[in-house]
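Q: Please read through the structure below; I'll follow up with questions.
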Amino acid sequence: MSTHKNNQDKTSSLKMEFTIWVVLLLSMTTATLTWFILKSEREALKREVTLRGIALAQYVAAHSLDPFLTNDKLTLATLVADVMKNEDMVYALMVDRNGRLVASDRSDLIGQAYQRPPGLYPLDRPSPRTHTWRHPQAGRVIDIGIPLILEGKTKIGEVHIGVSHSAIDKVVSRAWQNAAGLAGIFLLAGLLGSIVLVTLMLRPVSELSKGAQAIGQGDLNYRIPEMRRNELGQLAVTFNRMTRELQVATEQALEQERIKKELQVAHQIQHMLLPKQTPQIPGFSFGALYRAAKEVGGDYYDFFQLDQNHFSITVADVCGKGVPAAMLMSVARSMLKTVAFSDLSPAGVIRELNRLLLSDLRSGLFITLFYAVVDINQRTLTYTSAGHNPVMVWHPRGQKFQELTLEPACLPLGLDGSGIFDRLAKERKITLCQGDAIILYTDGVTEAVDPQGALFGIEGLMNSIRAHADQENGEGLIGRLDNDLNKFCGKFAQSDDIAVVGMKVE
């Protein structure tokens, strides 16, 4: 009962809205057309009245030259009186060259100086001139002035007659009244017609509204009855098909939402495992960059303060991407953190880590890792690598790069348990000098691709380090490298996880 009432309320609202819009449209159209028509009629009436006034003024001017010259006041007064017989005339007068009235409908003004209406200047051309102004008693008046020209050369005076604007206003007022009556009839007819039309047209809409109500309340089994073969009928067919598809889509959306939330949790957990800040160690500055190709990734970096004089740096890469890689990396991180504090030997750390991972990794999964221990007092870096990319060291004094590698190269973690990994796991030591910049990275950096398919490569990495290492600390250097990567790739989607650690010797 409540649903039916809601449908009726919505239909009624739509009827009212449609009717209001129709009335507004009709009102605006009627008002606009009426305005244009009456404006045109007003202008036409004004032109007609003005032309009659000009003709009358020209007649007076033509017949007043001789009486004007002979000062025949009787004849001039007769001409003025004839003009004033027209009911629309407000005044008629003649002015001599000195600006004094020689004839007027008001005899008391004859001989006095002529007071020109506001904005009216002496006639300087032989043609008639009109000027509309507001008369103190008669309201708006059209002043028509004609100069009196003797033999076509000498101006001896002026003739002015004032035609009332009220005749025009009366005609336009009657026209407005007629137009208002017609507009009212037109609007009433439009209102009744729109109500009938809306009632007929909204019946199918009511059915569609019922369907929307039912679906909105969760009834995805509701189907709209068949309608006429028009747009609304086609809409009903589409609506029913949409309802069926919505049932399937709703189930899929719920599943996708569940997966999305799980990935968000995994993303948060992974970022919790990464260092919240870089180490604050006198004589060294650090920077780090991490971006997963998906919600979570398999790249990893970390710093461990082993004791007061030693800290370690790690960068690792799990084969693959996404949730499996992230889970494996989480396991490897926990194991590494346990092993790292039990042995300061990098080679010993990766041997033990490999042994622990072999029991948990299934066939085909492996991890590449670069692990280094820095002696703060001696300023040395002892490193080992389990199949990872060579680390780049920039020496500013010689303006050259050094690659930290092991020969022969060791296997990645998790591939061998026969003893080969232990024999290949070696470590090397280098001395660090002031200004040296050490960059640890995963292959997502060198394999970054631009829109044309070109790789950033080891050359791109070296060029970025060379350009910024001498001016930036560790954080600034990695920030510059990040900018260079973004500029190189543009909007091209990242295809692999990226992890970079930079250390600058101060």
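The values are calculated or read from the model by the stated rules, or taken from the named source; none is laboratory data. The structure presented is a predicted model; accordingly, all values stated were derived computationally and were not measured. Methodologically, a virtual Cβ is constructed for each residue, glycine included, from the backbone with ideal geometry; neighbour enumeration extends over all protein chains shown.
Q: Out of all the residues in region 447-506, which are in contact with a strand residue (DSSP E or B) (Cβ under 6 Å, 6 or more places away or on another chain) and polar (S, T, N, Q)?
A: Result: 473, single match.
Q: From the list 435, 474, 453, exactly one residue is within 18 Å of residue 284 (Cβ to Cβ), in the same structural domain as residue 402 (by TED's automatic domain parsing) and surrounded by fewer than 16 Cβ atoms within 10 Å (Cβ to Cβ). Which is it?
A: None of the others qualify; the one that does is 435.
Q: Whether any residue in region 132-142 is surrounded by 14 or more Cβ atoms within 10 Å (Cβ to Cβ), at pLDDT 90 or above and over 60 Å from the mean Cα position of the chain (by Cα) is what I want to check.
A: Checking region 132-142: not a single residue is surrounded by 14 or more Cβ atoms within 10 Å (Cβ to Cβ), at pLDDT 90 or above and over 60 Å from the mean Cα position of the chain (by Cα).
Q: Could you please let me know if residue 359 is over 51 Å from the mean Cα position of the chain (by Cα), in the same structural domain as residue 441 (by TED's automatic domain parsing), farther than 21 Å from residue 440 by Cα and among the polar types (S, T, N, Q)?
A: yes
Q: Condition check: closer than 28 Å to residue 277 by Cβ, outside any strand (DSSP E or B), assigned by TED's automatic domain parsing to the domain that holds residue 356 and of a type in the set (S, T, N, Q). Does residue 418 satisfy that?
A: In short, no.
Q: So, in region 349-361, how many residues would count as being in contact with a helix residue (DSSP H, G or I) (Cβ under 7 Å, 6 or more places away or on another chain) and either in a helix (DSSP H, G or I) or modelled with pLDDT of 85 or more (or both)?
A: Residues in region 349-361 being in contact with a helix residue (DSSP H, G or I) (Cβ under 7 Å, 6 or more places away or on another chain) and either in a helix (DSSP H, G or I) or modelled with pLDDT of 85 or more (or both): 7 in total.
Q: Somewhere in region 406-414, is a residue of a type in the set (D, E, K, R) and assigned to a helix (DSSP H, G or I)?
A: Checking region 406-414: not a single residue is of a type in the set (D, E, K, R) and assigned to a helix (DSSP H, G or I).
Q: Now for a different question. Could you please let me know if residue 335 is closer than 17 Å to residue 497 by Cα and either surrounded by fewer than 17 Cβ atoms within 10 Å (Cβ to Cβ) or in the same structural domain as residue 443 (by TED's automatic domain parsing) (or both)?
A: No; evaluated as a whole, the condition is false for this residue.
Q: When you scan region 337-348, do you find a residue that is closer than 14 Å to residue 427 by Cβ, without any contact (Cβ under 8 Å) to a residue 40 or more places away in the chain and outside any helix (DSSP H, G or I), even just one?
A: yes
Q: Next question, about the same structure. Keeping to region 142-173, report how many residues are assigned to a strand (DSSP E or B) and under 14 Å from residue 87 (Cβ atoms).
A: 4
Q: Can you pull out the residues in region 84-126 that are outside any loop (DSSP other than H, G, I, E, B), out of contact with any strand residue (DSSP E or B) (no Cβ under 8 Å at 6 or more places or on another chain) and hydroxyl-bearing (Ser, Thr, Tyr)?
A: 107
Q: For region 456-471, which positions are without any contact (Cβ under 8 Å) to a residue 24 or more places away in the chain and either in a loop (DSSP other than H, G, I, E, B) or not assigned by TED's automatic domain parsing to the domain that holds residue 381 (or both)?
A: 471
Q: Determine the pairs where a residue that is among the basic types (Lys, Arg), located within region 111-124, has a partner that is in a loop (DSSP other than H, G, I, E, B) with Cβ atoms under 8 Å apart, the partner being 6 or more residues away or on another chain.
A: These pairs meet every condition: 116/122.
Q: So, residue 143, is that one touching a Gly at 6+ places or on another chain (Cβ under 6 Å) and within 20 Å of residue 55 (Cα to Cα) or not?
A: Spelling it out, residue 143 is indeed touching a Gly at 6+ places or on another chain (Cβ under 6 Å) and within 20 Å of residue 55 (Cα to Cα).
Q: So, of the residues in region 379-398 that are assigned to a loop (DSSP other than H, G, I, E, B) and in contact (Cβ under 8 Å) with a residue 12 or more places away in the chain, which turns out to be nearest to residue 468 (Cα to Cα)?
A: Going through the qualifying residues, I end up with 396.
Q: Taking the conditions exactly as written (more than 18 Å from residue 54 (Cβ to Cβ), in a helix (DSSP H, G or I) and not assigned by TED's automatic domain parsing to the domain that holds residue 48), does residue 76 satisfy them or not?
A: no
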